[in-house]
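A short worksheet on the structure shown next.
Taken together, the values in this text are just the output of simple stated rules run on the coordinates, not laboratory data. Model, not experiment: these values are computed from the prediction. All Cβ positions, even for glycine, are placed from backbone atoms using ideal geometry, and neighbour counts span all protein chains on display.
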Amino acid sequence: MKPVTPALNVPKDTQLKWAQYSPYYPVDPYKYPPKGCAVEQVNILQRHGARFPTSGATTRIKSALDKLLAVREFTDPGLDFLKTFQYDLGANDLVPFGAAQSFDSGAEVYERYAHLVSKKNLPFVRASSSERVVKSAMNWTQGFSASSFHKYNPTLSVILDESLNDTLDDKMCPSAGSSDLQTNLWQETFAPPITRFLNKGAPHANLTDSDVFNLISVCPFETISEQRRSKFCDLFATQKGAFPGFAYSGDLDKYYGTGYGQELGPVQGVGYVNELIARLTGTPVQDHTQTNHTLDSDPATFPLDRNIYADFSHDNQMIAIYSAIGLFRQSHSLNPEKPDPKRTWKVSHLVPFSGRMVVEKLRCGRTPSVRILVNQEVQPLKFCGADKHGICSLDAFVKSQAYARNNGDGDFEKCFA
C-alpha cells in the first residue's frame, strides 16, 4: 500500500528539530532478523498521531501572538505577514495528518508481520482513554485492515481510563517533579538573541524568552495541522539558534520530566514493562505499581496468546517506559545550559508524533530471544548482553528488568509520599 500521510513542504532536518512535535520518521530502514532467527511475537507501543497544541500550550501561544499582533508598525519586513495573520488552530485533538500517520503504521505492521496473523489470532489493541489516543488506535486498526484487503479486521479491545490505574499514561505519580528548572535555564540560554531580534522588528511587543519558545512552536503545529509550510517556519529559519534551541528544550523536558533526570520518572514505566514481560513469557502479570489488576487478570482484557499486541499512549509515558527498561541511558545527565552534540537522547528520535517502540520476540534456533526497535532503529541492549544484531535471550532480558520486577525498588511508594 502507498502511504497516505502527506509530505510537508519542510526539509526533513528541520522537522527533526521540532522535538516531540516532529512527525514520525524511521531512524533506520527496517532490518529483518539475521538468518536462523524468526519473529514469533510483536509488541508495539505507539504514541498518538500529530495533534493540535494542548489547551495549556494554546493559551501560551495566543498570549504571545496577542503581543505581536497588537504592534501597529513592523520595522522588519519579515514580520509583515502578521498584518493579516489569524490563528485558527484547535486544541488537544488529533489532526488529519496524525490520523494518516496511524493508518500508515497499521498498514506497515500488517505488511511486515502478516505471517503472524490469522482469523483466530488478530492483533490485540489497547489505548489510553484520551480521545486523540483512542482515535490513533482506531486509525491503526483501519490501516491494518485495509492492508490485508479487509481479510483481518482487528478492533480496539481495551480503553484504559486515565482516571484509574493505567500503564499507558503518566498520571499516577503525584510526587514526581517537573522539568521546569532545566527547560527555563535553557530558554534563558538560547532564546535572548531571538527575543531581541523580534522585539526590534516589532516595537513595543515586549516579548519574553518564554513567548519566543511558544511562537517557534507555531511553525510545527501550523504546518502539520494545515499541511502546508507555516510562515512562522520562514520567520525563525533566519535565526540560527531557533530550531536547534527548540529541539534541545524538548530533549531536556522529557529527560527531566519522566526520564532518567527525574527521580520518579522511570518508575512510571514499570507497570507496562511488567505487562510486556507477561506477554513475552506467557505468564500472568506480576506487578504492584500502576497496572489495572481487574483487567490484567482477565484473559478477555489481557490475553497471553496473541502474536501481535499494539498499545497506544503518550510521549511522557513512553519516555518513562524507555527509562524503566534501560533504553537511551546517557553517560552523564543532560546539561541545561550546554547540549552535548554526541547525545543519543533526541526526542525527535524517541517520541515524535506516532513514534513507536517495537519489541520482537524471536526464536533463534531453540532459544527464545528479544530485540527492540525504536522508530526502526535496533537498540544495542547492552544491559542484557545482546549480540551485534541487538538480540539477547529472553531469559537474559527478563533478568535485566529487575527494577520493574521489583516494582521500582521502592520508588512507587515515593510517588505518594
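For the reader, a short list of remarks on this structure follows.
- Taking amide H as placed 1.01 Å from N in the peptide plane, the amide H of GLU40 sits under 5 Å from that of LYS361, LEU362, ARG363, each at least 5 places away or on another chain.
- Annotation: the residues VAL109, VAL158, sorted from fewest to most other C-beta atoms within 10 Å of their own C-beta, follow the order VAL158, VAL109.
- Across the chain, C-alpha contacts under 8 Å between residues 6 or more apart give a mean separation that, scaled by the residue count, equals a relative contact order of 27 percent.
- A full extension of the chain between ALA91 and HIS293 corresponds to an added length of 69.4 nm, given 0.36 nm per residue minus the alpha carbon distance.
- Candidate aspartates and glutamates for bridging to LYS135, where Cα separation is under 14 Å - those fewer than 8 sequence places away on the same chain excluded: ASP93, ASP104, ASP311
- Rounded to the nearest 500, the helix-only mean residue ellipticity at 222 nm of the chain stands at -11500 deg cm²/dmol, with each DSSP H run of n ≥ 4 adding -39,500 (n - 2.57).
- Each residue in LYS342, LYS414 was given a count of other beta-carbon atoms within 10 angstrom of its own, and listing them fewest first yields LYS342, LYS414.
- Between the stretch 1-38 and the stretch 152-181, the alpha-carbon center distance in angstrom: 25
- For the stretch 1-95, the alpha carbon positions stretch 70, 27, 23 Å along the principal axes, listed from largest to smallest.
- FRET efficiency estimate (nearest 0.05) - Cβ-Cβ, ASN153 to ALA396, R0 51 angstrom: 0.85
- Relative exposure of LYS171, LYS388, LYS2, judged by other C-beta atoms within 10 Å (fewest first): LYS2, LYS388, LYS171
- Calculated FRET value between ASP409 and LYS119, using beta carbons and R₀ = 51 Å, to 0.05: 0.75
- Derived scalar couplings between HN and Hα for the stretch 355-366 equal x, 8, 10, 10, 9, 9, 8, 10, 10, 10, x, 9 Hz in order, rounded to whole Hz, by the Karplus curve 6.51 cos²θ - 1.76 cosθ + 1.60 (θ = phi - 60°), x for Gly and Pro.
- Among PHE246, PHE144, PHE85, the residue with the largest mean-square fluctuation in a Gaussian network model of the chain, with springs joining Cα atoms closer than 10 Å, is PHE85.
- Listed residues PRO220, ALA191, GLN239: farthest to the positive end of the dipole of the stretch 191-279 (Cβ charges): GLN239
- Straight-line reach from LYS17: taking Cα to Cα under 12 Å and skipping same-chain neighbours fewer than 8 places apart, the aspartates and glutamates in range are ASP251.
- Listed residues GLY90, ALA176, LEU164: farthest to the positive end of the dipole of the stretch 55-190 (Cβ charges): LEU164
- Label-to-label distance, nm, for residues given as THR367 and THR283 (7 Å Cα→Cβ offset): 2.0
- Pairs over the 21 Å Cα-Cα cut-off, from the set LYS254/LYS342; LYS12/LYS240; LYS62/LYS171; LYS31/LYS382; LYS31/LYS388: LYS62/LYS171.
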